[in-house]
Structure formats: C-alpha cells, structure tokens
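**Q** Before I ask anything, here is the structure I am working with.
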Amino acid sequence: MNEEQRLSAGRIKPDKADKEEKDYSQYFQTVYTEPSLKKARKRGGEEVAYFDDFEIDERFQGMGKGRKFYIRTYGCQMNEHDTEVMGGIFSALGYEVTDTVEDANVILLNTCAIRENAENKVFGELGHLKSLKRRNPDVLIGVCGCMSQEESVVNKILKTYDQVDMIFGTHNIHRLPNIIHEAYMSKEMVIEVWSKEGDIIENLPKVRHGNIKAWVNIMYGCDKFCTYCIVPYTRGKERSRRPTDIIQEIRQLAAEGYKEVTLLGQNVNAYGKDFEDIAYRFGDLMDDLRKIDLPRIRFTTSHPRDFDDYLIEVLAKGGNLVEHIHLPVQSGSTSMLKIMGRIYSREAFLELVRKIKVAIPNVSLTTDIIVGFPNETEAQFLETMTLYEEVGFETAFTYIYSPRDGTPAAKMADNIPMDVKKERLQRLNDLVNEYSAAAMKQFEGEVVEVLVEGESKRNEEVLSGYTRRSKLVNFKAPKSVIGKLVHVKITEAKTWSLDGEFIGVVEKKEVLI
Ligand code: SAH
Ligand code: SF4
Ligand code: F3S
C-alpha cells in the first residue's frame with residue numbers, strides 16, 4: 001500500500017439514515033478493507049519504516065484555540081503512553097486539557113480489548129455520553145485504542161452508538177489532526193483504522209503525566225500469538241525503535257530531572273529481533289541504559305521465552321536497573337501452557353527463575369495468571385498453585401479467561417462452569433494475598449529507598465512512593481521531598497503496602513533495597 005492509499009484507506013462515511021438495514025461488515029471486507037482481524041494476523045516481511053517528519057499541517061494550526069480536550073484511558077501502560085502522545089498532538093493544535101467531560105469540546109475514549117469486561121466498561125461510558133451529546137451536539141466524541149481495531153466493535157458502534165463522531169486505531173494516532181478536522185467538517189462518522197502497520201514515527205509530541213516517572217516505548221506490537229490474546233491483532237507486528245532514539249530520549253528525560261523510566265513493550269525481550277543491520281538485543285540496550293545518570297529503570301512486560309542469559313547477567317549489575325521483574329507465567333501446567341501457545345514448559349520457567357534468583361538474590365518476581373482457560377482441570381489448576389509457591393511470587397495480576405473473538409482459543413469448546421472458574425480465582429487470590437503479606441513483612445525494621453510521588457490517595461498528610469522492588473510505602477514527611485529519593489524506615493507491613501518513618505533525602509548514590 002502506498003502512502004496515499006494508506007491515508008485514504010479505511011475511512012467510511014456511512015449514511016446514518018439507512019444504517020439499520022446495512023451490513024457494515026461488507027465495507028470492511030470489500031470497499032474498505034480495514035479494520036480486519038484477519039489482515040492483522042498476517043505477518044509480512046516488510047521492512048519497518050522510520051519517520052521523524054511529523055509536523056502539524058498549516059491547515060490545522062490553531063484548530064484547538066479556545067477549545068478543550070478530554071481523554072479517558074483504559075488498559076495497559078502502552079495506552080497510557082499513547083494518551084500522552086495524543087495529549088501532545090492536541091496541545092500542538094492549541095487545545096487545552098480538561099478533566100471534566102462537560103467542559104470538553106473533544107472527548108476521546110482510548111480503549112482496551114484484552115477482556116470482555118474491559119470492553120463493557122467502554123460501551124457503558126458511551127451510553128453515558130449519549131445524553132451529553134444530546135445536550136451539546138457540537139462536542140466531538142471519538143473512540144480509539146485497541147477496541148477500534150476490531151471490526152465487531154466498529155460494527156456495534158455504527159449500529160448502536162451514533163453519538164460517536166470518529167473511530168481511529170492504534171496505528172494512526174499521528175493522523176489525529178486530520179481525523180478531527182474531518183470530523184468537524186463532516187456530520188457523519190469518520191472511521192480510519194489501519195490493520196497493517198509497519199512504521200515507527202519518532203518525533204511525535206508528548207505531554208507526559210507528571211515529571212517524576214516517565215514511560216518510554218522501546219518496541220511496538222507482538223508476534224507471540226498466545227492463543228487467548230487479542231494484542232497481536234490490535235497492536236500489529238513486533239517492531240523495535242532504534243537504540244540511538246531510545247537512548248537519546250532517556251538521556252533527555254534524565255536531563256529534565258525525571259527519576260524513573262519504565263521501558264514499554266508487549267514483549268520487551270524480543271527487542272531488536274527485527275533489526276537486520278545490527279546485532280543488538282534487549283540485554284545490549286539495558287547495558288547501555290545502565291550508564292545513563294538516571295536513578296531507576298524498569299521494564300514491562302517480559303515474556304519468559306526470550307529471557308536470555310546475557311540479559312540476566314546485565315540485570316545483575318544493578319545500579320539503576322531495579323530488582324523487580326514482572327514475568328507473566330499464565331499457568332503452572334505444561335499441558336495448559338502448550339494449549340495457550342506460550343512456548344515454554346513449567347520446568348523451563350522454573351529453570352529461568354532459578355537462574356534469575358542466583359544472579360539477583362534479592363529480586364522481586366511478580367506475574368500474570370489466567371484461570372479457567374477452556375477445559376482447565378482441577379489438577380492443572382493445582383499445578384498453577386504449586387508453581388506460585390515454588391517461585392514465591394510477591395504478587396500477581398490474576399484473571400478469569402475471557403474469550404476474544406478472532407483468537408484460536410475463542411473457538412475451543414469449554415465445559416468448565418463459571419462458578420468453578422470463580423472459585424479457582426478466589427483460591428488463587430487467597431494465595432496471592434498470603435504471599436504479598438509475607439513479602440511485605442520482610443521489610444519490617446528495614447530502611448528502604450523510596451521515590452516520593454506525592455500525597456497518599458487516602459490521606460493528604462501522608463506521602464507515598466515506591467521502592468526499587470515496587471512496594472508502596474506511606475510515611476509522613478515535608479511536601480518538599482516530593483519527586484526525590486528518600487530513605488524510610490519501615491515500621492509496619494500491611495498486605496499491599498508498607499508504613500514507615502521518614503529518615504532523610506538520599507544524598508549520594510547509595511543503593512538500598
Ligand atoms: N504482553 C504481556 C501481556 C499483556 S496482556 C505478556 O505476555 O506478558 C496482560 C495480561 O492479560 C496477560 O499477561 C494475561 O494474563 C491477561 N490476558 C490476556 N488475554 C486474556 C484473555 N483473553 N482473558 C483473560 N486474561 C487475558
Ligand atoms: Fe498477548 Fe502473548 Fe503477546 Fe503477551 S506475549 S501480548 S499474552 S500474545
Ligand atoms: Fe488492552 Fe491494548 Fe493494552 S488490548 S492491555 S490496551 S495493548
């Protein structure tokens with residue numbers, strides 16, 4: 001597809017009057033081929049094109065003068081960061097941000113498709129926005145993010161939610177000015193979703209949330225195709241940013257005074273696999289980032305499969321590379337992992353954990369687990385429970401499997417009743433709580449390093465922040481320490497957080513737990 005086709009593809013302007021009768025799927029399959037999960041599944045050998053020529057077209061300059069935007073974000077950090085980029089584009093157009101929908105001239109829902117309940121929240125919110133649109137027909141309402149990449153969602157919006165003015169996907173957020181312009185000009189729904197991607201655009205503006213911690217994309221997409229997961233379809237193929245661009249961005253953040261960076265990718269360990277001209281992988285990147293004068297670097301998420309020995313060796317050097325690894329396991333049963341398409345066994349996972357613990361003895365490991373995958377037996381579930389104990393995860397995100405249309409698992413027959421799935425989740429969560437409380441307990445009486453983020457959500461007298469090992473700490477101290485690294489002596493461990501006494505600001509580069 002050439003650039004011109006790309007720019008015009010996927011935009012349809014249905015005639016709202018006869019929308020009840022029309023089968024819009026035809027548009028996606030014939031005239032407008034996108035969005036299409038089927039197309040999104042294909043992995044071609046196309047080269048990744050890098051661009052750094054983003055600029056606001058002079059037609060759109062000042063478009064947002066006197067106008068405000070509101071973005072509600074659902075889902076993972078990737079979406080949070082996309083919201084920061086869209087915020088940057090809005091600002092460049094002259095819009096101001098607002099945190100109340102009533103004040104907004106443009107409202108965007110940046111959506112997540114990972115589970116059914118994530119999608120239901122968005123449809124619920126769209127329902128609420130209907131009356132707002134009735135009261136204020138000039139407000140523009142847009143749906144973007146992962147749900148927009150699904151044709152079933154786009155069809156549903158076309159049929160039921162005519163308060164929506166625009167839908168665009170995850171691969172074309174840089175086209176926001178054109179899409180908004182189109183939505184202002186036309187009184188019909190504007191849809192622009194690209195199913196095939198390939199480009200990386202480097203110089204998009206960003207308005208970051210806060211000035212203490214920052215997210216930095218190191219790669220986009222996912223090629224793992226775990227059988228239950230929609231992400232490879234909504235985010236496209238794996239493609240890595242060039243090391244120089246990442247290093248430059250992080251150096252800049254360090255110079256601006258940021259204290260912590262989280263590297264983002266659906267599977268950061270696959271970083272660099274797509275480079276044809278250089279042999280440079282995630283371990284190499286971490287080794288280079290280690291040398292930057294910035295107190296903390298984290299990453300999320302790592303797939304156990306590509307976690308190589310060199311990476312472990314580099315992480316063991318510590319310094320600004322923190323002792324926390326989020327390592328989703330999904331299940332403790334080799335047979336179940338196979339059906340999930342995870343490409344590792346229980347034994348291989350345990351061996352990886354053993355190696356990590358030898359190299360980084362005080363490492364905190366956390367994970368993601370899915371229970372109630374089609375036909376999961378009690379014995380398979382118990383293997384997940386025993387694996388959890390064997391590893392000694394410090395906490396976990398746990399989910400009941402949710403079928404996603406278009407994925408192989410969604411076609412699997414399932415005869416496990418929902419109440420059995422719920423009961424398993426409960427048993428697993430009890431174990432997770434027990435291990436979390438035990439992990440917290442070991443800090444009682446210890447002095448930890450905390451990056452102070454601000455006032456605690458519950459009590460503005462109290463400040464809070466996280467340790468290197470991602471433990472939430474609450475303590476009393478002057479507000480002037482917000483944004484600084486401080487030492488806190490832990491006085492009481494709770495299940496999900498630690499209470500402590502402020503000792504002082506960290507003066508020299510002294511690394512504590
Ligand atoms: N790329 C990350 C995961 C991103 S999605 C990784 O592989 O590590 C975050 C988590 O959502 C997954 O780890 C998985 O536990 C969960 N998840 C994904 N698809 C799901 C589904 N269909 N039903 C329930 N949970 C799901
Ligand atoms: Fe989904 Fe698997 Fe890719 Fe993670 S690695 S995003 S679970 S397909
Ligand atoms: Fe959700 Fe998309 Fe992230 S499906 S979890 S927002 S990549």
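**Q** Scan around Ile191 for amide H atoms under 5 Å from its own, H built in the peptide plane at 1.01 Å from N, and keep only partners 5 or more places away or cross-chain.
**A** Under 5 Å from the amide H of Ile191: Ile12, Ile167.
**Q** What figure, in Å² to the nearest 10, do you get for the accessible area of Phe299 with a 1.4 Å probe and non-protein molecules left out?
**A** Its heavy atoms expose roughly 20 Å² to the probe.
**Q** R0 = 35 Å: FRET efficiency of Ala118 with Lys494, Cβ-based, nearest 0.05?
**A** Efficiency, from the Cβ-Cβ distance: 0.80.
**Q** For the chain, give the percent of accessible area contributed by carbon and sulfur heavy atoms, probe 1.4 Å, rounded to a whole number.
**A** Ligands and nucleic acids excluded, carbon and sulfur give 49 percent.
**Q** Follow-up question, since we're still on this one. What whole-number value in Å² describes the accessible area per residue of the chain for a 1.4 Å probe? If you can, show how the numbers build up before the last one.
**A** Details: 22580 Å² over 513 residues.
Computed with neighbouring chains in place, this is 44 Å² per residue.
**Q** Given R₀ = 25 Å, FRET efficiency for Lys484-Glu460 by Cβ-Cβ distance, to 0.05?
**A** 0.85
**Q** Moving on to the next point. May I ask you to order 199-210, 220-231 by the average number of other C-beta atoms within 10 Å around their residues, highest value first?
**A** My ranking of the peptides, most packed first, is 220-231, 199-210.
**Q** When the chain is fully extended, how far beyond the present Cα-Cα distance does Leu132 get from Ala348, taking 0.36 nm per residue of separation?
**A** In short, 72.4 nm is gained.
**Q** Once phi is turned into ³J(HN,Hα) by the Karplus curve 6.51 cos²θ - 1.76 cosθ + 1.60 with θ = phi - 60°, what whole-Hz value does each residue of the range 86-100 show in order, with x for glycine and proline?
**A** Result, rounded to whole Hz: 4, x, x, 5, 4, 4, 4, 7, x, 6, 10, 7, 9, 10, 10.
**Q** Are any of the pairs Lys317/Lys338; Lys357/Lys471; Lys121/Lys457; Lys39/Lys421 more than 25 Å apart by Cα-Cα distance, and if so, which?
**A** Working: Lys317/Lys338 34 Å; Lys357/Lys471 19 Å; Lys121/Lys457 23 Å; Lys39/Lys421 33 Å.
The pairs that break the limit, which is 25 Å between Cα atoms, are Lys317/Lys338; Lys39/Lys421.
**Q** Please give the calculated 222 nm ellipticity per residue for the chain, where each DSSP H segment of at least 4 residues contributes -39500 (n - 2.57) and the sum is spread over every residue; nearest 500 deg cm²/dmol?
**A** -9500 deg cm²/dmol
**Q** Is the C-alpha gyration tensor of the range 45-113 telling us rounded, prolate or oblate? Criteria: a/c under 1.5 is rounded; beyond that, a/b larger than b/c is prolate, otherwise oblate.
**A** It is oblate, given that a/c is not under 1.5 and a/b is not larger than b/c.
**Q** How do the peptides 232-240, 482-490, 426-434 rank, highest first, by the average count of neighbouring beta carbon atoms within 10 Å per residue?
**A** In descending order of packing, they fall as 232-240, 482-490, 426-434.
**Q** Still on this structure, please answer the following. Determine how large the accessible area of Val420 is when every protein chain is in place; take a 1.4 Å probe and give Å² rounded to the nearest 10.
**A** The accessible area comes out at roughly 50 Å².
**Q** Sort out for me the Cα centre separation of the range 242-275 from the range 417-456, rounded to whole Å.
**A** Cα centroid of the range 242-275 versus Cα centroid of the range 417-456: 29 Å apart.
**Q** Using the Karplus curve 6.51 cos²θ - 1.76 cosθ + 1.60 with θ = phi - 60°, what ³J(HN,Hα) values do you get for each residue of the range 372-387, in whole Hz, with x for Gly and Pro?
**A** Each residue of the range 372-387 in turn: x, 4, x, 6, 4, 8, 4, 5, 5, 4, 4, 5, 5, 4, 6, 4 Hz.
**Q** In degrees from 0 to 90, rounded to the nearest 10, what is the angle of the helix 151-160 Cα long axis to the longest principal axis of the chain?
**A** 60
**Q** Related question: Once you have a ≥ b ≥ c as the square roots of the Cα gyration tensor eigenvalues for the range 64-152, tell me rounded if a/c is under 1.5, and otherwise prolate or oblate according to whether a/b is larger than b/c.
**A** oblate
**Q** Something else about it: Highest first, please rank the peptides 163-173, 492-502 by the mean number of other Cβ atoms sitting within 10 Å of their residues. Present the calculation step by step, with values, prior to reporting the outcome.
**A** Details: 163-173: 24.6, 492-502: 17.1.
Ranked from most to least packed, the peptides come out as 163-173, 492-502.
The values are calculated or read from the model by the stated rules, or taken from the named source; none is laboratory data. What you see is a predicted model; the values in this text were computed from it and never measured. In this analysis, Cβ positions are derived from the backbone assuming ideal geometry, glycine residues included, and neighbour counts consider all displayed protein chains. Keep in mind that these areas ignore ligands, DNA and RNA; they rest on the heavy atoms of the full protein, side chains included. Shrake-Rupley method; radii C 1.70, N 1.55, O 1.52, S 1.80 Å.
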